[in-house]
Amino acid sequence: MALFRKKRGTDDTIKNGAQLITVADPRSAISEQFRTIRTNINFMSVDKEIHTLAFTSANISEGKSTVTANVAITYAQAGRKTLLIDGDLRRPTLHSTFNVKNNTGLTTVLTSEADEINLNDVVEESGIENLSILTSGPIPPNPAELIGSRRMETFIELVKSHYDMVIIDLPPVLEVSDTQELASHLDGVVLVVRQSVTQKAGITRAVQMLKFAKARVLGYVMNDIRAENGGYGYGYGYGYGYGYGYGAEKKKGLFGRKKSDGQ
Ligand SMILES: Nc1ncnc2c1ncn2[C@@H]1O[C@H](COP(=O)(O)OP(=O)(O)O)[C@@H](O)[C@H]1O
Ligand SMILES: [Mg+2]
């Protein structure tokens, strides 16, 4: 009998950062898939251009930080001035991914009492053209309160005026309330789903919760699609696969509603 309950997920990206395939191998099929994800996100919002976008998932370790960082890079590579924010104040990874210190960051801004927010104090260059980063900062005892604060809203408005695209890595919807607190103040939210791991009921519940919080759910990214699942059969050593779905899965009711519901 196991003495301890098996720990869920992995802390790999927390310690070592996310794998940036879009930087390491921009010509690879996987990088191309990330570019397709970017294009599809743009298509999803022809009526209203997206300037603030968050990625979330149902549970931890579904590939959210990996997908968020790589999609942000493809926006930067397309020439959009992009800010990538680590909004996962419980399992932050961005500082590890870009190998920078995390002594200051988003929480510094949110807990500061100064009226003015000086972005130069907290935002850093990533080393990738057009991509700036804002790490989580020291982990606070009250993340949901901070993410849902008026100051966070003010901060989002401020960064929007400085960047073409603001992309936030937010914690999983079924685990904590942070994402719901902020979601309605963003132009769109994308759900990361890990094939064969994320339960369908979990996805449906996550989407329900986001909608309840008045988020604009743009679609989902199917992560870790294996060839044997009949997905994108790129025989890559990584076992990576990324796709972006909406229409087809919508018909199947993945989002818990009928095709005619629209949005
Ligand atoms: N498509 C994939 N193939 C293989 N490993 C992956 C894939 N996506 C994510 N991972 C790994 O899964 C773990 C969790 O990913 P991460 O991006 O940190 O998820 P989250 O932010 O949702 O917790 C990490 O070790 C990461 O390297
Ligand atoms: Mg993460």
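The values are calculated or read from the model by the stated rules, or taken from the named source; none is laboratory data. Keep in mind the model is a prediction, meaning the values are calculated, not measured. Using ideal geometry, Cβ is built from the backbone for each residue, glycine included, and neighbour counts are taken over all protein chains shown.
Checking Ile60, Ile85, Ile73, Ile14 one by one, the residue that is in contact (Cβ under 8 Å) with a residue 24 or more places away in the chain, touching a Lys or Arg at 6+ places or on another chain (Cβ under 9 Å) and under 18 Å from Leu134 (Cβ atoms) is Ile14 and no other.
Does region 42-59 contain any residue that is assigned to a helix (DSSP H, G or I), farther than 24 Å from Thr93 by Cα and not aromatic (Phe, Trp, Tyr)? The answer is yes, given that some residue of region 42-59 is assigned to a helix (DSSP H, G or I), farther than 24 Å from Thr93 by Cα and not aromatic (Phe, Trp, Tyr).
Would you mind stating whether Phe55 is aromatic (Phe, Trp, Tyr) and exposed (fewer than 15 other Cβ atoms within 10 Å of the Cβ)? Here the answer is no, as Phe55 does not meet what is asked.
Only residues that are at pLDDT below 95 and not in a helix (DSSP H, G or I) were counted in region 61-89, giving 3. When region 43-88 is filtered for residues that are aliphatic (A, V, I, L, M), touching a helix residue (DSSP H, G or I) at 6+ places or on another chain (Cβ under 8 Å) and over 22 Å from Arg205 (Cα atoms), the ones remaining, listed by number, are Ile50, Ala69, Val71, Ile73, Ala78, Leu83, Leu84, Ile85.
Take the conditions (1) within 12 Å of the chain's Cα centre (by Cα); (2) within 16 Å of ligand 2 (Cβ to nearest atom); Leu20 misses just one of them, which is (1). Considering each residue of region 89-109 in turn, none proves to be in contact with a strand residue (DSSP E or B) (Cβ under 8 Å, 6 or more places away or on another chain), farther than 20 Å from Asp12 by Cα and surrounded by fewer than 22 Cβ atoms within 10 Å (Cβ to Cβ). Tell me yes or no: at least one residue of region 112-130 is in contact (Cβ under 8 Å) with a residue 24 or more places away in the chain, more than 16 Å from ligand 1 (Cβ to nearest atom) and within 25 Å of Val217 (Cβ to Cβ). For region 112-130, residues in contact (Cβ under 8 Å) with a residue 24 or more places away in the chain, more than 16 Å from ligand 1 (Cβ to nearest atom) and within 25 Å of Val217 (Cβ to Cβ): absent. Restricting region 58-71 to residues that are more than 16 Å from Asp11 (Cα to Cα) and small (Gly, Ala, Ser), the residue that is nearest to ligand 2 (Cβ to nearest atom) is Ala69. Evaluate the following for Ser45: is it surrounded by 14 or more Cβ atoms within 10 Å (Cβ to Cβ), touching a Leu at 6+ places or on another chain (Cβ under 7 Å) and not charged (D, E, K, R)? When the stated conditions are applied, Ser45 passes them. Pro92 meets each of the listed conditions (1) within 16 Å of ligand 1 (Cβ to nearest atom); (2) more than 28 Å from Ala29 (Cα to Cα) apart from (2).
Among residues that are under 19 Å from the mean Cα position of the chain (by Cα) and hydrophobic (A, V, I, L, M, F, W, C), Ala114 is not included.
What do you reckon, is Asp178 buried (at least 18 other Cβ atoms within 10 Å of the Cβ), charged (D, E, K, R) and modelled with pLDDT of 90 or more? When the stated conditions are applied, Asp178 passes them. Quick test for you: out of Thr13, Thr82, Thr74, pick the one residue that is within 13 Å of ligand 2 (Cβ to nearest atom) and either of a type in the set (Phe, Trp, Tyr) or out of contact with any Pro (no Cβ under 6 Å at 6 or more places or on another chain) (or both). Going through Thr13, Thr82, Thr74 in turn, the sole match is Thr13. Here Asn42, Asn103, Asn70, Asn59 are screened, and the one residue that is of a type outside the set (D, E, K, R), under 24 Å from Ala215 (Cα atoms) and more than 16 Å from ligand 1 (Cβ to nearest atom) is Asn42. For region 8-16, does any single residue satisfy the condition of being crowded, with 22+ Cβ neighbours inside 10 Å, out of contact with any strand residue (DSSP E or B) (no Cβ under 6 Å at 6 or more places or on another chain) and among the aliphatic types (A, V, I, L, M)? Checking region 8-16: not a single residue is crowded, with 22+ Cβ neighbours inside 10 Å, out of contact with any strand residue (DSSP E or B) (no Cβ under 6 Å at 6 or more places or on another chain) and among the aliphatic types (A, V, I, L, M).
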